[in-house]
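Chemist: First, the structure itself, so that you have it in front of you.
The values are calculated or read from the model by the stated rules, or taken from the named source; none is laboratory data. Predicted, not measured: the structure shown is a model, and the values here were computed from it. FYI the Cβ positions are ideal-geometry reconstructions off the backbone, even for glycines, and counts take in every protein chain you see. Quick note on the areas: whole protein, heavy atoms, side chains included, nothing else; ligands and nucleic acids left out. Shrake-Rupley method; radii C 1.70, N 1.55, O 1.52, S 1.80 Å.
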Amino acid sequence: MLKSELRRLIREKKGQFTQQQLCELSLPIVGRIKPMLKDAKTIVAYYSLPDEVDTHGFIDQLLADGKTVYLPKVISNEEMVLCRYTGAESLSLGAFGIMEPVGRQIAADEVIDAVLVPGMAFDGDGNRLGRGKGYYDRFLKSLSHPRPQLIGVCFDFQKVDMVPTASTDVRVDVVV
Ligand SMILES: Nc1ncnc2c1ncn2[C@@H]1O[C@H](COP(=O)(O)OP(=O)(O)OP(=O)(O)O)[C@@H](O)[C@H]1O
Ligand SMILES: [Mg+2]
């Protein structure tokens, strides 16, 4: 199956749920992520779009728990950088309709413990299908040592037998 076909299939499946239903389906998923981040101090999360596993409340919980949270900010057609998240009031609308932090950019030597990686689909080997622009692949590849734990986040209906891959696709370590 082509990446584009799988994206279409997943978009169709998402369309069968209301926004409210997707929010409810998100709760047990973030419930599974939480214990995985117990020892993580610095976490790269994503600020969910309406059709993604809802992370809004969860990210604020992480802050309240004393974690340091970074979110992606798109700065060009190819690159996203990480900026510190300090609360929902300090977000502004960025590219692709995604809310982005206005906080300072991460220091080059800052150690990231875990990355929550959104995806259109994941398979059992951690292969990931994104939205097709390669932002996460380039970002994940750029992460230096020590390599953070990469946690793929999706609804159960986005887990498939096999994701088509190319050599530039970065696998995640675990899918929740
Ligand atoms: N490390 C890289 N260097 C150069 N090009 C890359 C790299 N990673 C991905 N790309 C390119 O980006 C384009 C989109 O990649 P792909 O189809 O894997 O997107 P995606 O993983 O679905 O999207 P995203 O990562 O944004 O969610 C492809 O043309 C791919 O070759
Ligand atoms: Mg990819």
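Chemist: Considering only protein heavy atoms, what is the solvent-accessible area of ASP173 at a probe of 1.4 Å, reported in Å² to the nearest 10?
Modeler: 80
Chemist: If you place +1 on the Cβ of every Lys and Arg and -1 on the Cβ of every Asp and Glu, how big does the dipole about the Cα centre of the range 3-175 come out, in debye to the nearest 20?
Modeler: In total the dipole reaches around 180 debye.
Chemist: If you take the charge dipole of the chain about its Cα centre, with +1 on Lys and Arg Cβ and -1 on Asp and Glu Cβ, which of LEU27, ALA88, SER167 is farthest toward its positive end?
Modeler: SER167
Chemist: Can you put ASP161, ASP156 in order of accessible area, largest first, using a 1.4 Å probe?
Modeler: So the residues, ranked largest to smallest area, are ASP161, ASP156.
Chemist: Which longest uninterrupted range of the chain lacks any GluC sites (Glu not before Pro) assigned by DSSP to a loop state (not H, G, I, E or B) and surrounded by at most 16 other Cβ atoms within 10 Å?
Modeler: Looking at the chain, 1-77 is the longest stretch - no exposed GluC sites (Glu not before Pro) with at most 16 other Cβ atoms within 10 Å.
Chemist: If I model a spin label as a point 7 Å beyond the Cα along the Cα-Cβ vector, how far apart are those points for GLU110 and ALA64 in nm?
Modeler: Distance between the two pseudo-spin positions: 2.2 nm.
Chemist: Taking only protein heavy atoms and a 1.4 Å probe, what accessible area per residue, in Å², does the range 3-175 have with all protein chains in place?
Modeler: I get 52 Å² per residue for this part.
Chemist: Please work out how much accessible surface LEU82 shows to a 1.4 Å probe, ignoring ligands, DNA and RNA, in Å² rounded to 10.
Modeler: 10
Chemist: Can you quote the Å³ per residue value for the convex hull of the Cα atoms in the chain, rounded to an integer?
Modeler: Value for the chain: 115 Å³ per residue.
Chemist: Give me the accessible area of ILE33, 1.4 Å probe, in Å² rounded to the nearest 10.
Modeler: About 0 Å², ignoring ligands and nucleic acids.
Chemist: Here's a follow-up. Quick one: with all protein chains in place, what share of the accessible area of the range 1-144 is carbon or sulfur, to the nearest percent (1.4 Å probe)?
Modeler: 53
Chemist: What net charge do the residues around GLY134 carry, taking every other residue with its C-beta under 15 Å from that of GLY134, with Lys and Arg at +1 and Asp and Glu at -1?
Modeler: Charge balance near GLY134 sits at +4.
Chemist: From the phi of every residue in the range 40-53, what ³J(HN,Hα) in whole Hz does the Karplus formula 6.51 cos²θ - 1.76 cosθ + 1.60 yield, where θ is phi - 60° and glycine or proline is x?
Modeler: Couplings: 7, 9, 10, 10, 9, 10, 10, 8, 4, 7, x, 9, 10, 4 Hz.
Chemist: What full-extension length gain, to one decimal in nm, is calculated for LEU143 and PHE17 as 0.36 nm per residue of separation minus the Cα-Cα distance?
Modeler: Full extension from LEU143 to PHE17 adds 41.9 nm.
Chemist: Put +1 on the Cβ of each Lys and Arg and -1 on the Cβ of each Asp and Glu in the chain; which of CYS154, ILE43, GLY66 then has its Cα farthest toward the positive end of the dipole?
Modeler: CYS154
Chemist: Protein chains only, probe 1.4 Å: how do HIS56, HIS145 rank by accessible area, largest first?
Modeler: Ranking HIS56, HIS145 by accessible area, largest first, yields HIS145, HIS56.
Chemist: Against the empirical 2.2 N^0.38 Å scaling, what ratio does the C-alpha Rg of the range 126-176 come to?
Modeler: With N residues counted in the range 126-176, Rg over 2.2 N^0.38 Å equals 1.13.
Chemist: Calculate for the chain the 222 nm mean residue ellipticity that helices alone would give, adding -39,500 (n - 2.57) per DSSP H run of length 4 or more and normalising by residue count, nearest 500 deg cm²/dmol.
Modeler: Mean residue ellipticity at 222 nm (helix-derived): -8500 deg cm²/dmol.
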